[in-house]
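First up is the structure itself, then whatever we jot down about it.
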Amino acid sequence: MTWKDAATSDVVNAKAPSAVTRVALLLIPGFALMSYASALEPLRAANTLAGRTLYAWRHVSPDGRPVEASSGLVLDVDGGPGEGVSPDMLIVCAGGNPAAFDDAATFAWLRALARQGVVIGGVSGGPVILARAGLLDGHHATVHWEHAAAFAEDFPDVTLVPSLYQIDGRRLTCAGGVAALDLMHQVIAEAHGGELARAVSDWFLQAHVRPGSGGQRLAPRERLGISSPKLEAVVGAMEGQLEEPLGRAALARIAGLSLRQLDRLFSAHLGTSPERFYLSLRLDRARQLLRQSGLSATEIAVATGFASGSHFSRAYRQKFGVPPTGERRSRNG
C-alpha cells in the first residue's frame with residue numbers, strides 16, 4: 001500500500017520539511033464530502049505549489065471496504081485500521097449521526113495512534129468519534145453546531161468551544177464544511193510557512209482566511225432575514241438559554257420594549273409570537289438531542305426547559321408529527 005501524493009513544478013518558496021508528512025484520512029460511513037474535500041485538497045495544492053511532495057495520504061475505513069459519503073458517493077480506500085498505516089497525522093471525517101458509530105477496533109486503533117504521538121484531528125462529526133474514543137478528555141474542542149448540544153451533554157470532560165476550529169496540543173478539531181480550509185491554512189502555515197499557506201488559500205479563491213475563533217453560524221439577522229437589532233438581541237438571548245427559558249418580561253427588557261411592543265415586533269418580522277418562536281427553538285434542540293445523544297426523553301425534556309415529560313411529548317408531537325419515542329425509534333431504524 002503506497003502513500004498517495006500530487007506534486008508539480010509550480011514552485012513557491014516554502015520551508016523545507018525534514019520528511020514528508022503522512023496523513024491518514026479515516027472515513028466514517030455517512031461522512032460529509034465537503035468537509036473531507038476541504039481537509040484533503042489543501043494538502044494536494046501545497047504539494048503542487050511547492051513543486052515537491054510535502055504531504056502524502058491514505059484513505060482508511062473502519063472495515064477496509066469502500067465507504068459511502070452522505071451524498072451517496074462511494075470512495076475506495078486503501079485498507080482498514082492498522083493495515084500498514086503508520087501516519088504522522090490522522091483526520092477523522094464523519095457526518096450524519098456520528099454518535100451512532102460504535103466500533104471498538106477503530107476506537108482502540110485511534111487510542112494506539114495517540115499513544116504513539118500521532119497528531120489526530122476530526123472534522124464535522126469527526127470530533128464526536130474522537131471524544132467517544134476518549135481522546136478529547138481535558139482538551140478544548142469544537143464540533144459542527146448541529147452536533148454541539150448532544151456533544152456537550154455526552155462529553156462533560158471536554159471543553160466545547162463554538163469556534164470554527166481548535167488546535168489543542170496534538171488534537172485538531174474542526175466544525176466541518178469549508179471551515180476545514182481555514183484549519184488546513186493554519187496547519188500548512190505552521191509546517192511550511194505563511195507564504196505557502198497564503199498561496200494555497202489563493203488557489204482556492206479563499207479571499208478571507210478566518211481565524212479558528214470565528215463563529216460557526218450566521219448571525220440571526222442573516223439567518224432569519226430580520227433587520228431589527230432589538231429582535232436580533234432577543235433571538236440571540238433565546239438561543240443562548242434553552243434549558244431555563246427566559247420569561248416574557250425578561251425578553252422585553254432585553255429589547256427595551258413593552259410586552260405589547262415585543263409581541264408586535266415578533267409578529268411583524270417573524271409572523272409568530274415570542275412564546276411560539278421560543279418553543280420552536282427548544283423543540284429543534286430536543287430533536288437534535290434525540291437523534292444524536294443517548295439521553296433519555298426525560299433528560300432531554302429537562303435540558304430544553306420543559307417542566308414535565310407530558311408537556312414535552314405533546315409539544316413535540318404537535319410540531320414534528322411523532323412523539324419523542326417515535327423519533328428515537330426512527331433514528332435507530
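Exactly one of (1) surrounded by 16 or more Cβ atoms within 10 Å (Cβ to Cβ); (2) of a type outside the set (V, I, T); (3) modelled with pLDDT of 95 or more; (4) assigned to a loop (DSSP other than H, G, I, E, B) is unmet by A199. Its number?
(4)
Failed condition for L135, given (1) at pLDDT below 95; (2) part of a loop (DSSP other than H, G, I, E, B), with all others met?
(1)
Looking at region 66-84, which of its residues are in a loop (DSSP other than H, G, I, E, B) and hydrophobic (A, V, I, L, M, F, W, C)?
Within region 66-84, A69, L73, V77 meet the criteria.
Would you point out which residue out of L279, L295, L290 is closer than 17 Å to A149 by Cβ and touching a residue at least 60 places away in the same chain (Cβ under 8 Å)?
None of the other options fit; the residue is L295.
Scan region 175-196 residue by residue and report those that are β-branched (V, I, T) and at pLDDT 95 or above.
Residues satisfying the conditions are V187, I188.
Please pick out the residue among A315, A255, A297 that is farther than 26 Å from E153 by Cβ and in contact with a helix residue (DSSP H, G or I) (Cβ under 7 Å, 6 or more places away or on another chain). Steps first, please.
On the way: A315 fails: farther than 26 Å from E153 by Cβ; A297 fails: farther than 26 Å from E153 by Cβ.
Exactly one residue qualifies, and that residue is A255.
Mind telling me which of the residues P127, P156, P87 ends up being more than 15 Å from the chain's Cα centre (by Cα), outside any strand (DSSP E or B) and crowded, with 16+ Cβ neighbours inside 10 Å?
P87
Of the residues D157, D182, which is of a type in the set (D, E, K, R) and over 27 Å from T48 (Cα atoms)?
Details: D182 fails: over 27 Å from T48 (Cα atoms).
Step by step, each of D157, D182 is checked, and only D157 is of a type in the set (D, E, K, R) and over 27 Å from T48 (Cα atoms).
Quick grid of which residues meet (1) within 17 Å of I129 (Cα to Cα); (2) modelled with pLDDT of 95 or more:
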residue	(1), (2)
D10	no, no
V20	no, no
P42	no, yes
T48	no, yes
R65	no, yes
V74	no, yes
A108	yes, yes
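Just give me the residues in region 90-124 being part of a loop (DSSP other than H, G, I, E, B) and without any contact (Cβ under 8 Å) to a residue 24 or more places away in the chain, in sequence order.
Taking region 90-124 first, the residues part of a loop (DSSP other than H, G, I, E, B) are 95-97, 101-103, 116-118.
Within region 90-124, Q116 is the sole residue that qualifies.
Quick check: is even one residue across region 208-230 part of a loop (DSSP other than H, G, I, E, B), over 20 Å from the mean Cα position of the chain (by Cα) and not assigned by TED's automatic domain parsing to the domain that holds S273?
Yes, region 208-230 has at least one match.
Considering every residue within region 219-240, establish whether at least one is among the hydrophobic types (A, V, I, L, M, F, W, C), over 28 Å from D284 (Cα atoms) and free of Cβ contacts under 8 Å to residues at least 24 places away in the same chain. Steps first, please.
Narrowing region 219-240 to residues among the hydrophobic types (A, V, I, L, M, F, W, C): 219, 224, 226, 231, 233-235, 237-238.
Retained after the next criterion (residues that are over 28 Å from D284 (Cα atoms)): none.
Looking for residues that are among the hydrophobic types (A, V, I, L, M, F, W, C), over 28 Å from D284 (Cα atoms) and free of Cβ contacts under 8 Å to residues at least 24 places away in the same chain, one finds none in region 219-240, hence no.
Take region 130-152 and flag every residue that is hydrophobic (A, V, I, L, M, F, W, C) and within 18 Å of L290 (Cα to Cα).
Of everything in region 130-152, those that are hydrophobic (A, V, I, L, M, F, W, C) and within 18 Å of L290 (Cα to Cα) turn out to be V143, W145, A148, A149, A150, F151, A152.
Select, from A301, A307, A315, A268, the only residue that is among the small types (G, A, S) and surrounded by 20 or more Cβ atoms within 10 Å (Cβ to Cβ). Can you show your working first?
Details: A307 fails: surrounded by 20 or more Cβ atoms within 10 Å (Cβ to Cβ); A315 fails: surrounded by 20 or more Cβ atoms within 10 Å (Cβ to Cβ); A268 fails: surrounded by 20 or more Cβ atoms within 10 Å (Cβ to Cβ).
Within the list A301, A307, A315, A268, the selection yields A301.
Got at least one residue in region 205-223 being modelled with pLDDT of 90 or more and hydrophobic (A, V, I, L, M, F, W, C)?
No, there is no match, as no residue in region 205-223 is modelled with pLDDT of 90 or more and hydrophobic (A, V, I, L, M, F, W, C).
Could you list, in sequence order, the residues of region 241-253 that are hydrophobic (A, V, I, L, M, F, W, C) and either touching a residue at least 60 places away in the same chain (Cβ under 8 Å) or in contact with an Asp or Glu (Cβ under 8 Å, 6 or more places away or on another chain) (or both)?
Across region 241-253, the qualifying residue is only L242.
The values are calculated or read from the model by the stated rules, or taken from the named source; none is laboratory data. In this text the structure is predicted, and so the values were computed from the model without any measurement. Cβ coordinates were reconstructed from backbone atoms using ideal geometry, including for glycine residues, and neighbour counts include every protein chain displayed.
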